[in-house]
Amino acid sequence: MGFATYNPKANYNGTLVALRPLKTEGQDYGKATFIMPFGFGMRFGLTKQTRIGFEATCFKTFTDFMDDVSGFYPALGSLSDPAAQYLSNPSKSPELFPPGSRRGDLNQKDTYYRLSVSLIFNLKRR
């Protein structure tokens with residue numbers, strides 16, 4: 001079990017803006033979540049002093065807002081900030097995604113993955 005913080009951001013008119021204060025879905029959400037990592041790894045000896053390792057990890061979170069997308073598009077009048085209005089639905093055709101239509105999947109929390117490769121050197125000779 002672990003803990004992660006998150007602060008989703010997006011580009012708006014050439015500026016990187018934080019999305020949480022904009023409430024792009026018309027609701028508040030937290031700054032942190034618990035995570036459950038699942039994974040596997042292997043190490044292989046290259047020489048007596050050198051190894052290479054591979055690790056793949058899946059991090060299951062307890063939030064659906066790491067990417068600022070969860071439920072439904074908000075009503076147009078509920079967002080007063082122009083940045084929030086645009087970033088909530090940046091499509092050129094808002095009629096494709098009308099207020100109340102599905103923006104994300106409420107049934108699945110966010111998940112992220114990490115794949116790492118490591119090169120290990122033993123500094124002490126045996």
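Taken together, the values in this text are just the output of simple stated rules run on the coordinates, not laboratory data. These figures come from a predicted structure and were not determined experimentally. Ideal geometry is used to build each Cβ from the backbone, glycine not excepted, and the neighbour counts take in all protein chains shown.
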Per the filter on the range 31-65, residues within 17 Å of N7 (Cα to Cα) and among the hydroxyl-bearing types (S, T, Y) are T33, T61, T63
Exactly one of D68, D28 is among the acidic types (D, E) and either more than 18 Å from T5 (Cβ to Cβ) or exposed (fewer than 14 other Cβ atoms within 10 Å of the Cβ) (or both), and that residue is D28
Whether any residue in the range 86-98 is without any contact (Cβ under 8 Å) to a residue 24 or more places away in the chain, crowded, with 16+ Cβ neighbours inside 10 Å and at negative phi is what I want to check.
yes
Checked pairs for the range 64-85, first on the phi < 0 side of the Ramachandran plot, second assigned to a helix (DSSP H, G or I) and surrounded by 14 or more Cβ atoms within 10 Å (Cβ to Cβ), C-beta under 7 Å and 6 or more apart or across chains, list as Y73/S88; P74/S88; L79/Q85; L79/S88; D81/L22; A83/L22; A84/L22
Reported set for the range 1-21 where residues are under 22 Å from F59 (Cα atoms) and more than 16 Å from the chain's Cα centre (by Cα) is M1
Only one of T63, T24, T47 is in a loop (DSSP other than H, G, I, E, B), over 23 Å from the mean Cα position of the chain (by Cα) and either polar (S, T, N, Q) or closer than 15 Å to P8 by Cβ (or both), namely T47
Next on the checklist: Here is a check on your reading of the model: is T57 over 27 Å from R102 (Cα atoms), assigned to a strand (DSSP E or B) and of a type outside the set (K, R)?
Outcome noted: yes
